[in-house]
């Protein structure tokens with residue numbers, strides 16, 4: 001695949017001031033750029049609160065994510081990319097460290113990501129590829145919650161729904177909340193998803 005035909009990758013960071021400069025995001029952006037991908041990595045509006053409506057509007061209207069994009073979201077960013085995939089089509093969505101509930105945290109509850117039921121079937125229908133990354137020692141999201149999300153998305157395969165794209169649940173050991181500056185498996189997943 002030539003670099004001119006590679007999809008644009010939009011990396012959606014988790015919440016927090018300056019978060020777009022942290023974790024694996026700059027490394028992933030640099031690696032993908034070197035391979036010829038167009039990459040968007042931006043600070044998010046109201047980064048500490050991470051309000052669902054504001055973030056989704058920003059991604060759609062300002063960053064112009066569209067059906068040709070691969071979205072990589074981490075933590076609150078993972079909520080963002082999955083919620084977008086409930087209503088819009090994408091080449092691929094990669095969600096890293098995802099929870100389906102606020103885990104009893106007031107700030108998470110007020111962000112609005114968990115107000116509505118999750119439309120797992122729609123996410124699968126609207127993506128050519130959907131990948132979920134989990135870590136067995138995540139200090140914020142219990143592995144049981146991450147596995148549950150993986151099961152919900154995997155179970156779509158057995159339902160009588162319109163054709164849906166591929167799904168991978170990838171559980172890694174001792175990656176914490178994927179704070180590490182290099183996450184080779186995420187890079188490999190983007191490359192894999194871009195090829196079809």
Report summary line: The answer for the per residue Cα convex hull volume of the range 1-51, in Å³, is 66
**Report entry** Chain lengthening between residue 21 and residue 40 when straightened (0.36 nm per residue, less Cα-Cα)
**Finding:** 5.6 nm
Query - Label point at residue 176 placed 7 Å out along Cα→Cβ; residues across the range 99-117 whose backbone nitrogen lies under 19 Å - result: 99
Query - Label-to-label distance, nm, for residues given as residue 5 and residue 157 (7 Å Cα→Cβ offset) - result: 2.8
Report summary line: Treating every alpha carbon of the chain as one equal point scatterer without solvent, the Debye formula yields log10 I(q)/I(0) values at q = 0.12, 0.16, 0.17 Å⁻¹ of -0.52, -0.99, -1.13
Report task. Mind ranking 52-59, 127-134 by how tightly packed they are, going by the mean number of other C-beta atoms within 10 angstrom, highest first? Result -> 127-134, 52-59
Report summary line: Mean Cβ-within-10 Å packing, highest first, puts peptides 70-78, 188-196, 85-93 in the order 70-78, 85-93, 188-196
Requested in this report: Evaluate Rg over Rh across the range 38-147, taking Cα atoms for both radii and Kirkwood's formula for Rh.
Outcome: 0.94
Query raised in the report: Given only helices, namely DSSP H runs of n ≥ 4 each adding -39500 (n - 2.57), what is the per-residue ellipticity at 222 nm of the chain, to the nearest 500 deg cm²/dmol?
Result: -9000 deg cm²/dmol
Query raised in the report: How high is the FRET efficiency between residue 191 and residue 119 when r is their beta carbon distance and R₀ equals 30 Å, given to the nearest 0.05?
Result: 0.60
Query - Extension gain, residue 54 back to residue 101 (0.36 nm per residue minus Cα-Cα distance, nm) - result: 15.0 nm
Query raised in the report: What FRET efficiency do you get for residue 62 and residue 33 if R0 is 22 Å and r is their Cβ-Cβ distance, rounded to the nearest 0.05?
Result: 0.60
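Bear in mind that the values in this text are calculations on the coordinates, not laboratory data. All values derive from a computational prediction rather than experimental measurement. Cβ: placed from backbone, ideal geometry, glycine included. Neighbour counts: every protein chain shown.
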